[in-house]
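A short write-up of the structure that comes next.
The values are calculated or read from the model by the stated rules, or taken from the named source; none is laboratory data. No experiment lies behind these values; they were computed from the predicted model shown. All Cβ positions, even for glycine, are placed from backbone atoms using ideal geometry, and neighbour counts span all protein chains on display. Keep in mind that these areas ignore ligands, DNA and RNA; they rest on the heavy atoms of the full protein, side chains included. Shrake-Rupley method; radii C 1.70, N 1.55, O 1.52, S 1.80 Å.
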Amino acid sequence: MGKALIKNAQFMIGSTFFFSVLAASFFYTIFFQDHIPVAELTYDQNGDILARPPYSPVEHPPFGTDNVSQDLFFLLLVGAKYTLGIALVIALARFVLSFLLGVGMQLYAAPILKKVKPLLEGFFYFPAPLLAYLILSYVLMRDLFMDSDFSTTFTERMVFEVIVLIMIGVPITMTTIAREVELLQEKEFITSAKVLGGSRFHMLMKHLMPYFKPQLFIIFIREIILVLLLLAHLGILNILFGGAAIEEDIFGNSVFVSLSNEWSGLIGNNLKFLFTTYYWIPLVPIICFTVTILALKMMVQGFQEASAHASKKGMVVRKEKKSLEEYDQKKIDDRSFKARKKGDFSLVREFKMEDVDEVKGVHIWNKNN
Amino acid sequence: MRTGMKFVSIIVSILLIGSFAGMFQNGIEMSLKEFWNQFVQLIRAILNPGELTYEPLFGSTTVYPVFPGIFEYYGYSLFILVAGFCIALIGSLGLTYITFFLPYRLRKMFIRVTGILEAIPDLFIIVMFQIAIVSLYKETGLLIFEVVGGFERPVVLPLITYAVLPAILLYRVMLLTFEDELASPYVELASGKGLSKSRILWKHVLRNALFTVVNHSRTIIVLMLSNLVMLEILFNLYGLVWFMVNNLRVEIVIIGILMIFVPLFLIEACSRFFIQRITGKELAD
């Protein structure tokens, strides 16, 4: 499996991109203390102003600058670790919770799960961004309107948002995992394991997990994609991570400002520039989200292809082994047949001395099956 | 009977979610008592929808009744949803039809590429369409479609933008199921009898593949619902979701969700019933 993954170009491209962005962001924090360069005015030889910020990606590669002339590339680099880190944490928590609940309930409390399941179906019809907005908007946004200050601390708001984002994802993922377990439980080898007296835990560890592990990985990566998407949507709806502060920008308008340079905050802050000449300011973080999500999707698809390939390979090996054994059996039969027919017992003796282990092996093999 | 039970339980679950969300509308108040209060309040609001009011502007003193004004927003959203799905269905059918006249290797490549493309965020597609139209306008002074809505409620551009993602998803599902169906013996028999390829595709394969497509379309409609949020916010379309976001109250949101849920559930139940009658296969839940 590992080898097949390394050989798979899609998986490698996706995972390399994702982890190198994350690593670069942390590296930049550790060695450069999140320093964000500010672009200066550009002058020609006479000292006249040639161009002024915000620079477009063409004038100031690679990503241009924003309205306060900060370099967008470094802004996004600094924000990457927050966005991807938050997404990873939320996805992991969702995944672990829904795995424990889904598998646990399907194995130990299937009747209860059957009764609870219809009550979780409402989540399918409730768009996730709308639900998150409904729950979060007072605590993270409207609270600020009321008396221009939050009644909660930054840490409280952050913990609240993380918990809410975890909770709204669990029901659907949990049902998916429980469904997968249910499908596996219908297989024949589970019935035989049950007949032989395997406990449920034993069945989970020895019989379900080998089939389940690849699917779990895919579910986890999909969860990261969902969380990233949700964060981007919330950014558009002006729910910035951990709430926002109202500040006055250079034009004298009061605007929400994200407290970190987190990507969804960058989208939310700069969406108003979309129809101006400076359309790249919101576009760049949106493209970053898109590319990250596509990289994760490539990981999923590469993983699926690699695991399909690996399982096919395993089947071939097993087939070869079986035919080898059949061949051996045939050889032995042929020899003894020849020996009996000819009445020549020297051959039989020879065969006994040479192939005694082989015969034993075949004998035991037959007994076991 | 089973469908009726399911219908009621989903409504109850939406109400429960709503009363859970209600606990955070004035600060964080988490207690069983507050949950129960919210639940009772929600049921009362749904039983007397005529008394529900909203303030059009933040902090204004005049209030308007939600009904019947909401139906205008509602009809538009429902139209966008259904028309978007129909466009996606027709578009993906046409594309699938064309794809099956292409060589096998190209088809395989399409399946792989759409597998990645289906993950593109709706956000990205919407923003790209908007920027393209606006920059075209800036270059040539030609405004093909209204980019930002309002009370005029534009139709063409939002619909096109909206249909892209479900079309990709449906296209992929169709490619995979058609590929499976083409391997079955009746196709061999049909081509052996000398039927043309397009006749086999349209008449025989499509009928059998439709079953799987309908099975998948529930997931696709769920995805379209969550895409509707971004569509209405970014295009500033005066639809139901826009109304909910701009007049954010638990009662309004829950009534809106129920209003979207009921027709979707009915359509799903009907199509399920008819497809079972036609194909004789049992659809999975």
Whole-percent carbon and sulfur contribution to the accessible surface of chain B (1.4 Å, no ligands, DNA or RNA) stands at 68 percent
Checking the range A:158-244 for GluC sites (Glu not before Pro) in a loop per DSSP with at most 12 other beta-carbon atoms within 10 Å yields A:186
A correct Karplus calculation of ³J(HN,Hα) over the range B:160-168, with 6.51 cos²θ - 1.76 cosθ + 1.60, θ = phi - 60°, whole Hz and x for Gly and Pro, returns 4, 4, 5, 7, 4, 5, x, 5, 4
Mean other chain Cβ within 10 Å across A:284-297 is 3
Whole-Hz Karplus couplings 3J(HN,Hα) for the range B:229-235, θ = phi - 60° and coefficients 6.51, -1.76, 1.60, Gly and Pro as x, run 4, 5, 4, 6, 6, 6, 8
Taking every residue of B:4-15, the Cβ atoms of other protein chains inside 10 Å of its Cβ average out to 4
Residues meeting the amide H criterion for residue A:241 (H placed from the backbone, H to H distance under 5 Å, 5 or more places apart or on another chain) are A:265
Restricting to Cα pairs under 8 Å and 6 or more apart, the percent relative contact order of the range B:12-56 works out to 36 percent
Total charge of the residues flanking residue B:100 in space, meaning their Cβ is under 11 Å from its Cβ, with Lys and Arg +1 and Asp and Glu -1, is 0
Highest mean packing first, using Cβ neighbours within 10 angstrom, the peptides A:40-47, B:208-215 sort as B:208-215, A:40-47
Amide H neighbours of residue B:53 at under 5 Å, excluding residues fewer than 5 places away on the same chain, with H built from the backbone geometry, are B:66
Between the residues A:47, A:86, A:141, the Cα farthest towards the positive end of the dipole of the range A:1-149, that dipole coming from +1 and -1 charges on the beta-carbon of Lys, Arg, Asp and Glu, is from A:86
Placing +1 on each Lys and Arg Cβ and -1 on each Asp and Glu Cβ in chain B, then taking the dipole about the Cα centre, the residue among B:210, B:49, B:160 whose Cα reaches farthest towards the positive end is B:210
Treating only Lys and Arg (+1) and Asp and Glu (-1) as charged, each at its beta carbon, one finds that chain B has a dipole about its Cα centre, in Debye to the nearest 20, of 1260 debye
Env charge @ residue B:28, Cβ radius under 14 Å, K,R +1 / D,E -1, value -3
Note on the range A:2-320: alpha-carbon gyration tensor, axes a ≥ b ≥ c; rule is a/c under 1.5 for rounded, else prolate if a/b larger than b/c, else oblate; result oblate
Taking R0 as 45 Å and r as the Cβ-Cβ distance between residue B:140 and residue A:185, the FRET efficiency 1/(1 + (r/R0)^6), rounded to the nearest 0.05, comes to 0.15
Each residue of A:150-158 has, on average, a number of other protein chain C-beta atoms within 10 Å of its C-beta equal to 1
Relative contact order as a percentage, chain B, C-alpha pairs under 8 Å and 6+ apart, gives 24 percent
Under a 1.4 Å probe, counting only protein heavy atoms, residue A:6 has an accessible area in Å², nearest 10, of 120 Å²
Amide H neighbours of residue A:51 at under 5 Å, excluding residues fewer than 5 places away on the same chain, with H built from the backbone geometry, are A:42
Rounded to the nearest 10 Å², the 1.4 Å probe accessible area of residue B:202 is 110 Å²
In this structure, among A:272/B:138; A:3/B:108; A:114/B:33; A:206/A:297; A:7/A:297; A:213/A:297, pairs with alpha-carbon gaps over 21 Å are A:3/B:108; A:114/B:33; A:206/A:297
Residue by residue through the range B:92-105, the couplings from Karplus 6.51 cos²θ - 1.76 cosθ + 1.60 with θ = phi - 60°, in Hz, x for Gly and Pro, are 6, 4, x, 4, 4, 4, 5, 4, 7, 9, 8, x, 4, 5
The percentage of the accessible area of the range A:135-231 (probe 1.4 Å, all protein chains present) made up of carbon and sulfur atoms, to the nearest whole number, is 64 percent
So, relative contact order of the range A:2-320 in percent, Cα under 8 Å, 6 or more apart, is 26 percent
Once accessible area is computed for B alone, A alone and the pair with a 1.4 Å probe, the total buried surface, to the nearest 100 Å², works out to 4500 Å²
